[in-house]
Structure formats: C-alpha cells, structure tokens
C-alpha cells in the first residue's frame, strides 16, 4: 500500500545485502536440510511401503533345523497368524569361473510355478522358472550386475557338498533384501554376496528336504498386530521339537532394521538440524533488525510525526525480516530439492528398490517456507517492537548514550588487572551489549555443537572399525562348517596351502533364559589363547576366557538383566534340547551383534563332546599366488557351508565408511562455517556500525587500522570461543542421543570423545572467526573517517 | 492574492484553532522528575503566524510536541477544535498528526534513501486529501531536484523538501521546529519567505519555534518562553517581510 516506504525498504535491503546474505544463507541451509532430509525421508518411506506391498513382505521369519510340512498346518491355526509359507534356505558357496576366490550366497527356495508368495521377487531380467529343467536359478539383480551374470548363463554353486550347475533364467530383487548384507558386515557388497532363488523341488532334492522346510515366513493378522509377541511365542513353542534357531519379527529382520533405522534417523535429523540453523538465524536476524530499528530511530519518529500508524511502521520493519525469510526459504527449498535428489541417489547405491524416486513434496516445500518465515518474523519482532514503544517525540531525540559504568568483572580487581586495556575494552563492550553477545555466543555454541557431533561421529566410526575388525575379529578368512565336526576337520584346514594359522570355533545356537528374560542367540566357543577373535572391554583390554562360564556382550547382558556371577539357563537347538545352567563370568564390550563367548573346551563338554568344531578362522599368507591356490582349494573343500573373505569385507567397509566420512565432514564444516561466519560477520558489522564515531575518533587519535581491527577481533574471539566451548558438551550430548537412538542388536556406535575432537572444533571456530573478521577488517580499512566523525548526534 | 490575504486575516480573529489550558509537562529522568513546562495557557488562532521564542531549555520543543500530538501533557488540556488531545488515544493522535498537522524539523528528518519526490510521497500516500507531490515541489521551487536524494541536496533544499512534505498533506497546522536553525542566513531567509507565503497565501496556521528573536519579527504574534513558562506575549501589528529581517 505504501509505495514510497517499500522503495525505502528495497534500497535498504540492497544496502545491507552482505549482512542479509549471511543471514539468508543460514536460513537457507536450515530450510535446505529440512527439505532435503524430509524429502529423502518421504521418498524412502514411500518406496519402502510400496516395495513391501509389492513383494508381500513377511511379518516374521522362523528358522528351524528341519520341520515336516505336514506339521506346519497347526501353525495356520495359531491366533494371529494370517498366513505362512515354508521355505528351504541354506548358505551357499559360489564358484564363478573368472573369480579366483569363493563367494558367499544364500539359496532360497521358491514355488516351481509362479504363484502369489510371501517375500516375493520382482523380476528385473529374464523370467521365472520354466518346466524345461530342474536346476534353474534366479539371481539377485545387484550380484548379477556386479558379476556380469545374465539369463542364459550357467553358474556353479556348492550346495550340500556338491558342486551344482545351475541355469540362470532371470535376475530379481526382493524387499526381503532391500539392504543385502553378507555375514559379519555392515555395508552391502554386491560383488561378494548374492541371493540365489531355486525351485522348491530342486532344493528338496539337493538338501534332502523332501516334504520338509527349514524356514517359515508368515504374516500376522493386522487386527492382532498388538499381540504379535504372543503369536510368535506360540509359533516357537509349536515348532520347538524341530529345533528353532531363531524367531525374527519384521522389526528385527536385518534388512528391515537397517532401512527402518535409516528412515527414522532421517526423520529425526530432519527435525533437529534445521531447528539449530533456524534458531541461529532468528537470533542473528534479531540483532540486525534491532540495530536497523535503532539506527532509524529518527526516521521512525518522523514517520510517526507524519501520521503513520504503529501498525504501518511495524509492518515496514517486519517486511525487512520477511524478505530475508522468503529469500532464505525459496533458496533453501530449491537447494533442498536438489540435495534430496542427490541423497536419494546415494540411497539407491545402498538400498535396492524397484522405484526409489526423488519426488517433489509440495507440503515439505510449504512447511519449509512457513518455518523460514516464522523464523524471520520471530527474528524481526523484537527489533521492530522496541521502536513502537517510543513516543514519536522521544523517537526524534537522539538515542541516550549507551550504558556506561563498570561491568561486574571489574569488581574482581585482581582478575581485572590481568587484562590489557584492549581486552578490557572488549570485555566491557561484550558485557554491555548483552543481547548481541548472547546471540553470538548462541550461534557459536550451535556451530561448535554441530562440529563436535560430526567429528565424534567420524571418530566413533573409526573406533568401531578398529575395535571390531582390527582388535576383536582379526582373521583373514572365516569358514563355517556343515554342523559340528571333530578335531580332524581343523587339522584338514591347517594342511591347506597358504594357511599360516587356523583356530577352531564352535557355534552353538540356543535360547538363553534369566528369570522372565529370554533371547535366542549363539555361543561362540574359542580357544582360551585365541589370536583371531579376542574379546575386549571398552577400554580395549583383552578379556581372558574363563575355563568355565560365559563372557556376554554388554548388550546381551542388558537384555537378560544379568551381571557377572549370575546364572543363566541355556537350551541349545539340539535333538535332545537339554537345558543347561551356565555362569556369567565376564562382560565384554562389542559394538556388533550380541556375542557370547566361551572356552571351546568348556562349550564342547557342555554339548557332551570332547572337542567339537563348527567353524575355522584363518590367517593367510598374503602373497597373491599362494592365496590363489588357497582359494582354489577352498572352492573344492567338502563340509564347508560358507566362506567369508573377511579381509575384503573389512576393506570394503573401511572404503565405504571413509568415502562417506569425507563427504560428511566436508558438508558439516561448510554448514558450521555458515553459522560461524554469518553470526560473526553480522555481530561485528553491527558493532562497527554502532561505533563508527568511536572508530573514527581512534583513527584521529592515531590508532592504526589494524589496532582498531584488533579491538573488534578480541570481541568476536571472546564471544565465539565462549560459545564454542559451551557448544562442546552440547555436541557430545547430541552424539550421545544419536548413538542411543541408532543403537540396535545388530550394530551400535561407541560414543568416543578424544581431546583431538575438542581441539578440532575449537580450531575451526577460530578459523571461521578469523575469516569473518577479514570482512570486518576490510570494512574498517575502507571506512571514510571524516564522514564518520561528522555524524550528528 | 488580496482575497486570500483577507480570508486569512478574517480567520485570525475567529475561534482559536487550538487551546492549551494550564498545561504542564514533567519528565521522569531516573529518580529525578524534571519539570519542563508549568501552567501554559495559550490560544492558537486559525490562520495566524505564531512564533514561540526562548533560549534552549525553555520548553519550546515540548510545547510544539504537545501541539503536534507527539506527546501528552502531564496536567492540563490541549484542545484542538474542541477535542482534548490530552485524553486522545494513540490511534486518535496518529489520525490527528496525519490529517491536521504538518511538521518541519530543524534537521529536516528526510528519509535518506528516498528521493525528494519520494519523501513527499511518504507523506501524501497516507493523507486523505493530499496535494499533488509535483505541485508542492514546484511550490518550494524544487521541481528540478525531484529525483535527488537528500545527500545530493543542500541544507536549504533539504529544508524546503521537508516543508513540502509537511504542506503536501494539506494540513491545517504547520509546526516548524527551528526551521532555519541549521541554515545559513541567506538560505534561512528563503525558507522563512516560503513559510510566510504558505501562511498568507494558503491560509495555513503556522507555528514556528526559534531561539532567534529576530525571526519573530515576521510573525503575527510572539510568545516568549523562559524556564518552561510564558514570560510575555506580544501582538505584532506590522510583521516585516522575511527579506527585511536581519540576524
């Protein structure tokens, strides 16, 4: 309505474009984070829902030793079980001609003819099984692409000690393996681990499972979803005679757990990170608008004298903030959309979806925009409001001189004496402009918190890798044997070429119980002086295996509510299912799985054997030709169920994590930089504008530009470093919250804080403060002192 | 022109446009109450040129602020056309300032980043019966400087823009706070001439405050202030032309 005032606004915006740009970028980053993460969250959630529906994703998995199909009918009658399907599934060793090392895989049976099935597959290439051959296979798409496998080719799998030739009829994906992990790893590696779907009749034949199954997948009645625990417990009881290894609800299924964790995490971060940025932006904007309103005190008085209403004057200043909000919102939304497309692409790399698309979510745009405007208004309110309190006659008088007098610190004479006059000046200024200083401290706090969280995240990953893969599990190759075997199996492996060292393992799966708490998990038996798997505590000390009793991982001990010295009962999944009592001897720290260790001799005795082996860990000769010979032998080795190349696994994991860390740290430092830089530039420039005459007077007195700059630098260092130091514990808290939120039975992040992290965060805070100060110094250097001296009171 | 002059003279003898009755104003400065005005009773007649003269600190600006609806008295009443401004709400005072009063400030108070013309628009855009901005610019002789920013104008020119801005709303009452205070002698006289013309030709009631007694010679009536009180008041039977004033 008031056009001339709008022109005034436009010109003022042009004049303070530098500062506004700084604030706009803080808002834009906040909105961008929100839009990007929220969009990615919605994209992933929608893709997950669609995919699970398309594949008819199961609600539970029950793994058993072997159950006759006829016995399963009773399962359908359990209250809460809507439908179920038996499957045969076994680990397999994949022998590809052009690949020297044996690869790992999982074989899963599917109906011979296409029919609606749970955990169905979506074909990507080729077709479903035909009637032409028994030995047809559908390979999971990622593995097929990574290894150049196409329909029409023959591949070889080692199944039940026999080398089987299978004809590839198609490639497929399934929601069950959206995040496909091989054993013992955390990131998918499609080159080394595949899923192979075979005909049910073929599986029955190869594994001697005629009319039987070793896995049941099922769906729960939606209306009884709340009682799923009871339903699953009944199913477990029913199948107990057939040796239940595990009962896995969808919630705990590995792929689903990783995917759901990622989605939930995104949702949480989409709320937290933007809030930090927008809060900082609001605070910084508040300082700027307050300054602007104060600077225009006389203009406001004049406008009021001319008959402008409070509302019109208020709206005028609000528009200033709003324009920043609009600019930040639009810019942030656009960048956010671009970033969400990028994030969605990264997710495509880790998660296999049929149709993960980056979509435009208008609601998210609108909300991002609205939040940005609210933040801008909140930031402008105080400044605009303060000017309305003035009567026009009062507003026309120059502002009374700023508060003088001693600050509190000056009363501590001894301390005060320690400061040079330059520092005293800075301290006084900081304490006299409390709102502005508080805003700067707050911004620095948030910036530092962000840096600390990020650095801790990286440190935590590094520590995790080191703890889990270099100190606890140190083998090069792990072999899983078919069932438990005697000492001669170990001797046989020791004879293989290139094996420098081999250690036996005995895995015994079963149910742990302690009072009302129970859990299915496996005990790993190790040699007391094992070198390839070494239990540690969080301080990195080796935990010696007791001659009797168990070493529980902390997470498992928490689940069972046990402490060292407590007794737990353990019912192994064995034909006899004799319940044993064992003592919890020690608690070990572990960040993966729910490991339980015991002395292999003790465990063997518990199982009623003298010495039993179910797996072998190898340390190998690294020379390529020796390794090639070993791999060749391993491919032929009977009695081996799975072989995992841990060296490659660790390499892949390290590479993936480091790659992501690099991007992560880069983005984080830029984001924190935006906060630090924006805040420091803003508060210093406002400070400088308010003290133009003072600065000019100092120049007239003979101070150099640099010594005047130093006065301002001292102030920004004071507020920034205070904020940064206060931000350190906040960052620690954020990391702790993140680690707690993400922790699950599969993987947990340690919360590690080393002095280096504090150092880096504070170091960056100094760097950003100096960078921002360069702008202020430039302004001081180019300031027209004579003009500044003429400024009328 | 003669008719206009006659109309103005007739109006001068009629009802007062504004009446201050027993007005006092006290400011609270921390714990000290500073009495700025005591017991001011003054009529401002329609169409007159009134000068408030006194040394600095005598309460001139406070009176002007009270007349202009920028402040409220601590005691007493300020009646404008029978309406007491002392009881008026903020909204009513805003309306009053918008429709009835034009301010001219000592330091012009132009909005620095608006051109001369835009500074006038700031005022016309909110008034109910404004004059044309360009016409007012012509009236103050600044039609050539319409697109100049305040920083590109001399002090006298800025003050003329300020006067134009006040007149553009077409107010009844023109209040001028030391309008020549920041100007040199020659420029000051031109500005004074402009104010006199507005009074004589357009019939505007003009109140000028000044510490310069010589300026008062152009006024119809001079009120002398000292320490917040009216010390004397005199009718000026033969106001001199601004060109003849010497200070």
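The values are calculated or read from the model by the stated rules, or taken from the named source; none is laboratory data. Since the model is a prediction, treat every value here as computed from it, not as a measurement. Neighbour counts run over all protein chains shown; Cβ positions are idealised from the backbone, glycine included.
At a glance:
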{"item": "Tally, over the stretch B:38-70, of residues that are in a loop (DSSP other than H, G, I, E, B) and touching a strand residue (DSSP E or B) at 6+ places or on another chain (Cβ under 7 Å)", "result": "8"}
{"item": "Residue that is part of a helix (DSSP H, G or I), over 27 Å from residue A:449 (Cβ atoms) and more than 25 Å from the chain's Cα centre (by Cα), where the choices are A:775, A:695", "result": "A:695"}
{"item": "Residue match in the stretch B:120-134 (condition: within 13 Å of chain A (Cβ to nearest Cβ) and more than 18 Å from residue B:167 (Cβ to Cβ))", "result": "no"}
{"item": "Residues within the stretch B:80-95 that are modelled with pLDDT under 90 and either crowded, with 21+ Cβ neighbours inside 10 Å or not in a loop (DSSP other than H, G, I, E, B) (or both), tallied", "result": "6"}
{"item": "Flag if residue A:359 is crowded, with 22+ Cβ neighbours inside 10 Å, outside any helix (DSSP H, G or I) and either within 14 Å of chain B (Cβ to nearest Cβ) or touching a residue at least 12 places away in the same chain (Cβ under 8 Å) (or both)", "result": "no"}
{"item": "Index of the failed condition, residue A:452 passing every other in (1) surrounded by fewer than 24 Cβ atoms within 10 Å (Cβ to Cβ); (2) under 23 Å from the mean Cα position of the chain (by Cα)", "result": "(1)"}
{"item": "Test: residue in the stretch A:48-60 that is under 19 Å from the mean Cα position of the chain (by Cα) and either crowded, with 24+ Cβ neighbours inside 10 Å or part of a helix (DSSP H, G or I) (or both)", "result": "yes"}
{"item": "Breaking point among (1) part of a loop (DSSP other than H, G, I, E, B); (2) at the interface with chain A (Cβ under 8 Å from one of its Cβ atoms), for residue B:98", "result": "(1)"}
{"item": "Scope the stretch A:620-647; condition within 20 Å of residue A:474 (Cα to Cα) and surrounded by fewer than 18 Cβ atoms within 10 Å (Cβ to Cβ); matching residues", "result": "A:621, A:622, A:623, A:624, A:626, A:647"}
{"item": "Residue match in the stretch A:765-786 (condition: within 30 Å of residue A:180 (Cβ to Cβ) and surrounded by fewer than 18 Cβ atoms within 10 Å (Cβ to Cβ))", "result": "no"}
{"item": "Per-region count, the stretch A:684-723, residues over 19 Å from residue A:421 (Cα atoms) and crowded, with 21+ Cβ neighbours inside 10 Å", "result": "5"}
{"item": "Pairs, first more than 14 Å from every other protein chain (Cβ to nearest Cβ) and without any contact (Cβ under 8 Å) to a residue 40 or more places away in the chain in the stretch A:3-32, second crowded, with 23+ Cβ neighbours inside 10 Å and assigned to a helix (DSSP H, G or I), C-beta under 9 Å, six or more apart", "result": "A:21/A:678"}
{"item": "Exclusive hit being buried (at least 17 other Cβ atoms within 10 Å of the Cβ) and either at pLDDT below 90 or within 30 Å of residue A:677 (Cα to Cα) (or both), set A:240, A:223, A:227, A:262", "result": "A:262"}
{"item": "Filter pass, residue A:277 being within 14 Å of chain B (Cβ to nearest Cβ) and either part of a helix (DSSP H, G or I) or modelled with pLDDT of 90 or more (or both)", "result": "no"}
{"item": "Unique match (being under 32 Å from the mean Cα position of the chain (by Cα), assigned by TED's automatic domain parsing to the domain that holds residue A:606 and either more than 21 Å from residue A:182 (Cβ to Cβ) or exposed (fewer than 15 other Cβ atoms within 10 Å of the Cβ) (or both)) among A:541, A:547", "result": "A:541"}
{"item": "Residue list for the stretch B:54-95, filter: at the interface with chain A (Cβ under 9 Å from one of its Cβ atoms), closer than 21 Å to residue B:37 by Cα and more than 13 Å from the chain's Cα centre (by Cα)", "result": "B:71, B:72, B:93"}
{"item": "Criterion violated by residue A:318 - all others in (1) over 30 Å from residue B:103 (Cβ atoms); (2) out of contact with any strand residue (DSSP E or B) (no Cβ under 8 Å at 6 or more places or on another chain); (3) crowded, with 17+ Cβ neighbours inside 10 Å satisfied", "result": "(1)"}
{"item": "Options B:35, B:111: the member that is in contact with a strand residue (DSSP E or B) (Cβ under 6 Å, 6 or more places away or on another chain) and either within 8 Å of another protein chain (Cβ to nearest Cβ) or over 21 Å from residue B:202 (Cα atoms) (or both)", "result": "B:35"}
{"item": "Any chance residue A:593 is in contact with a helix residue (DSSP H, G or I) (Cβ under 9 Å, 6 or more places away or on another chain) and touching a residue at least 40 places away in the same chain (Cβ under 8 Å)", "result": "yes"}
{"item": "Qualifying residue in the stretch B:163-172 (condition: within 9 Å of another protein chain (Cβ to nearest Cβ) and assigned to a helix (DSSP H, G or I))", "result": "yes"}
{"item": "Those strands (runs of 3 or more DSSP E) lying entirely in the stretch B:176-247 with at least 3 residues modelled with pLDDT of 85 or more and crowded, with 19+ Cβ neighbours inside 10 Å", "result": "B:205-210, B:221-226"}
